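For reference, the structure discussed in these notes is given below.
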Amino acid sequence: MSEGWDHSFDVVSVGSGGGGMVAALAARDAGGTALVLEKRELLGGSTAMSGGVVWIPNNPLMAKDGVTDSVEAGMRYFESTIGDIGPASTVARRRAFITEGSAMTRFLLGFGVRLVRCPGYSDYYSNNPGGNAAGRSMEPPPYDGKRLGPWLAKVQPGMAAGLGLVVKTNELRDVQYFNRSIRSFFIAARVQARTTIAKVFGRKLLTNGTALIAQMVKAAVDRDVELWTGAAFADFVVADGKVVGVEVDRDGERLRIEARKGVVVAAGGFAHNKALREKYSGDQKVTGEWSFANPGDTGDAIEAAVKLGAATDLLDEAWWLPGPSPLLGVNTLNAARNRPGTIVVDAAGNRFVNESNSYVEVGKAMFARDKTAKAVPAWVIFDEGYRRRYAHRRSLNVGKLPPEWLEKGLIKKADTLQELARICGIDAEGLTAQVKRWNEHAAKGADPEYGRGTSAYNDCLGDPGYKINPSVGPLEQGPYYAFELFPGDVGTCGGVVADEHGRVLREDGQPIEGLYATGNGTATVTGRHYLGAGASIAYSMVFGYVAARHAMGAAA
């Protein structure tokens, strides 16, 4: 160990989500030593809390299943959807994401990290040139957490923990539609059987992001990668303009950790930093109060990098995830806007977006409309037919709205649209006229105003048992219902600018030597769009892989 350091490694990952873990594994594979730092007591960050889906064009699992794709198709998709937005998403960055994404997938599979395709989980802009209706997403299969031994207690629980089901992310939509199609019924039955068998035999089956992180933790532990929890990044150590290590607060001590080859920052964004969100959100006045991001998402490393001269971009953007009040608890109302018999309106009673589009697009549309008519929060309107068709929380009680939702006013109910509008503070004439216009076309499965129900993505999240159009249907039967839709998010997606090697860049475009970054603390390669399920997790992981290999001198 060099003089003046408490510990020394080749590569230090700041953050234990997908990007930090892959970076450490890649460094170890290249012959180096690696340390992963996590300021919380649980490993996995936002990746563990997510669906664990990884979106990569032209990935090996697509080829294995005979799904046609190519690097150039992926590049066309980037261009047609994002366009030219500057340094965050250069042509070189896009190409590196696609080509190295496939390499990273093969790398993880070789390390024993299992992934399966998500068939039918379409690209979010599947109609755009280069879009893929079959889907480019992958996810982990169920993984037995007992294989981790004592490390299991150190892994962040994920989204399935509150559901009580051993369910893959790509199965969730069918579970919610168990009563709407034979296919969905059998998938839901498979999930229930898997859950029951696991309980009977005492297996701790993990799914979603937890399963993804758990597999990488196992691979790291087996290969002597050091994993530190309760280790908060404090600052970078710089010598002659080069980042040579980090300072870390752990167990009441300030430690100096040498990073001989490089520091890879994968510490997430600043979703829970109220001051930064207010500073960068402009007229939107976002505070983070509706964010579902990892509690450790506070932007410490971003601020430290900016002090070193790092360029930044997209700081006003986030991965928006509009949803109902969290006071509703576990529910299926997040999916309401994708289903027939619903519309989303502003306070004037008017629609303003294709409700079935990407959650990021709907979130952005809410803020845009709010400049002219109150749409933060917006309102989801549905009719009695919708209520009767679906289960509204995890149960077999189709059509039953929990009485407490109505009693507490979380769901509004009225016999007529005019009365519903009065209760919600919506313009009654506007809402009545909007529903009339909507119904005229929705009865035929059409939405000429915003194009709802015209893409593979809209279809894949819609109701498989609604025969006219899976995502379009009229509101024609009272009583009528409404709930508020808030522009939540799962993290910010702007931060420091990095190049195709993951190196953090200064304002003049030159790299800060020794400093790499990936994930939500950087200006993402996908810009202001979410290209497919798992795009943010994939971005973090791919450039963690790229950064570590470049730092170790192993890049192609």
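The values are calculated or read from the model by the stated rules, or taken from the named source; none is laboratory data. Treat the numbers as computed from the prediction; the structure is a model and nothing was measured. As a convention, Cβ positions derive from the backbone with ideal geometry for all residues, glycine included, and neighbour counts pool all protein chains shown. SASA here: full protein model, heavy atoms, side chains in, ligands and nucleic acids out. Shrake-Rupley method; radii C 1.70, N 1.55, O 1.52, S 1.80 Å.
Using alpha carbons only, what's the Rg to Rh ratio of the range 270-397 with Rh from Kirkwood? With Rg and the Kirkwood Rh in hand, the quotient comes to 1.05.
In the chain, a dipole from Cβ-located charges (positive for Lys and Arg, negative for Asp and Glu) runs towards its positive end, and of ALA63, ASN357, PHE97 it is ALA63 whose Cα lies farthest in that direction. Packing, taken as the mean count of other beta carbons within 10 Å per residue, orders the peptides 201-208, 319-326 from highest to lowest as 319-326, 201-208.
Relative contact order for the range 182-302: 15 percent, from Cα pairs under 8 Å spaced at least 6 residues apart, divided by residue count. The alpha-carbon of LYS412 sits under 24 angstrom from the alpha-carbons of these lysines, leaving out residues fewer than 8 places away in its chain: LYS374, LYS400, LYS436. Pairwise Cα separations in the range 398-556 fall into 10 Å bins from 0 onward with the following percentages, short to long: 9, 22, 23, 17, 15, 12, 2. Seen against the Cα atoms of the chain and their longest principal axis, helix 359-369 is set at about 70 degrees.
Under unit Cβ charges (Lys, Arg +1; Asp, Glu -1), what dipole magnitude, rounded to 20 debye, does the chain have relative to its Cα centre? Approximately 1940 debye in magnitude. Measuring nothing but protein heavy atoms, the accessible surface of the chain at 1.4 Å probe radius is 51 percent carbon and sulfur. In order along the range 28-44, the phi-based Karplus estimate (6.51 cos²θ - 1.76 cosθ + 1.60, θ = phi - 60°) of 3J(HN,Hα) comes to 5, 5, 7, x, x, 9, 9, 10, 10, 9, 10, 6, 8, 8, 10, 8, x Hz; Gly and Pro are listed as x. So how tilted is helix 71-82 from the main axis of the chain? Cα-based, degrees 0 to 90, rounded to 10. That works out to roughly 60 degrees.
Counting only Cα atoms, the range 119-254 measures 64, 48, 25 Å along its principal axes, largest extent leading. Counting only C-alpha contacts under 8 Å and six or more residues apart, can you give the relative contact order of the chain as a whole percent? The value is 23 percent.
Note on the range 1-78: Cα convex hull, mean projected area over all directions, 8.1 nm².
Directionally averaged projected area (the range 1-137, Cα convex hull): 10.6 nm². Counting heavy atoms of the protein chains alone, ASP508 has an accessible area of about 110 Å² for a 1.4 Å probe. Relative to the longest principal axis of the Cα atoms of the chain, the long axis of helix 182-200 lies at roughly 50 degrees. Note: the range 43-122, Cα convex hull, 124 Å³ per residue.
Applying a DSSP loop filter and a limit of 12 other Cβ atoms within 10 Å to the trypsin sites (Lys or Arg not before Pro) in the range 240-295 leaves LYS285. Scanning residues 5 or more positions from VAL237 or on other chains, those with amide H under 5 Å from its amide H are VAL244, GLY245, VAL246, GLU247, with H placed 1.01 Å from N in the peptide plane.
Using Cα-Cα distances under 8 Å and only pairs 6 or more residues apart, what relative contact order does the range 76-174 have, in percent? Once normalised by length, the contact order is 23 percent.
Computed from the alpha carbon atoms alone, the convex hull of the chain holds 145 Å³ per residue.
With the helix formula -39500 (n - 2.57) applied to DSSP H stretches of n ≥ 4, the chain reaches a computed 222 nm mean residue ellipticity of -9500 deg cm²/dmol. Shown here: the range 320-378, whose C-alpha atoms stretch 33, 24, 20 Å along the first, second and third principal axes, sorted largest to smallest. Taking only the alpha carbons of the range 487-556, we obtain Rg and Dmax values of 12.5, 43 Å in that order. Annotation: per residue accessible area for the chain equals 38 Å², rounded to a whole number [probe 1.4 Å, protein chains only].
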